[in-house]
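Taken together, the values in this text are just the output of simple stated rules run on the coordinates, not laboratory data. Here the structure is a predicted model, which is why all the values come from computation and not from measurement. Reconstructed Cβ throughout: ideal geometry from the backbone, glycine too, with neighbour counts over all protein chains shown.
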Amino acid sequence: MKLFVPPARIGLCYPVRGIERFVRVLGLNTAKRMLVASEDFNGSELLSLGYLTHLSEQHDVNAKGLALAQRMMGYAPLAMKAMKSLCNQSVNGIEDLENAYRTAASCNSSDDLKEGLAAMQDKRTPNFHGC
């Protein structure tokens, strides 16, 4: 795998919101390497920089994706939704901390948490219902 971001090579400025996202996700220096220097990066480099979350051989992609999806299907949906939302909000700084705390508290007082703790104690798979 090889990736480069071509706008600087052809005289185009990358879209402003895209630049913001590159800087937010990868940091200023890596964003500049990608956008301004238009460096070539291989898969291993992209993984170590945080541009990729996983790297698989082409023949393993479907199996690894399915395994990840199946594993996550067994997790508590209320907690997953809350944490995904809070992670996304955190990128720009959580503006409504009161709501963020309420979101976390709703998970921490949920039936799903009780089920998860009981399942762990009983050494069984939890049966979550999203409440």
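Of the three principal axes defined by the Cα atoms of the stretch 69-122, the extents in descending order read 39, 26, 12 Å. Work out the FRET efficiency for Thr53 and Val16 from their Cβ-Cβ distance, taking R0 = 35 Å, and round it to the nearest 0.05. Working from the Cβ atoms, E equals 0.90.
Compactness of the stretch 2-54, taken as the C-alpha radius of gyration over 2.2 N^0.38 Å, stands at 1.07.
Taking the Cα centre of the stretch 69-122 as origin and assigning +1 to Lys and Arg Cβ atoms and -1 to Asp and Glu Cβ atoms, the resulting dipole is close to 180 debye.
At full extension, Ala105 and Leu86 could sit 5.6 nm farther apart than now, given 0.36 nm per residue minus the alpha carbon distance.
Dividing the helix sum by the residues of the chain, where each DSSP H run of 4 or more adds -39500 (n - 2.57), gives a mean residue ellipticity at 222 nm of -18000 deg cm²/dmol.
Note the full-extension length gain between Asn29 and Gln121 as 0.36 nm times their separation in residues minus their Cα-Cα distance, in nm to one decimal. Write down the numbers at each step before the final one.
Working: separation 92, 0.36 × 92 = 33.12 nm, distance 4.64 nm.
Here the segment from Asn29 to Gln121 would lengthen by 28.5 nm.
3J(HN,Hα) along the stretch 101-113: 5, 5, 4, 5, 5, 5, 6, 6, 10, 7, 5, 4, 5 Hz, from the Karplus curve 6.51 cos²θ - 1.76 cosθ + 1.60 with θ = phi - 60°, whole Hz, x for Gly and Pro.
Per the Kirkwood formula on distinct C-alpha pairs, the Rh of the chain is how many angstrom? Walk me through the numbers on the way to the answer.
Details: mean 1/r = 0.0551 Å⁻¹.
Over the chain, the inverse of the mean reciprocal pair distance is 18.1 Å.
Between helix 61-73 and the chain there is an angle of about 30 degrees, using the helix long axis and the longest principal axis of the Cα atoms.
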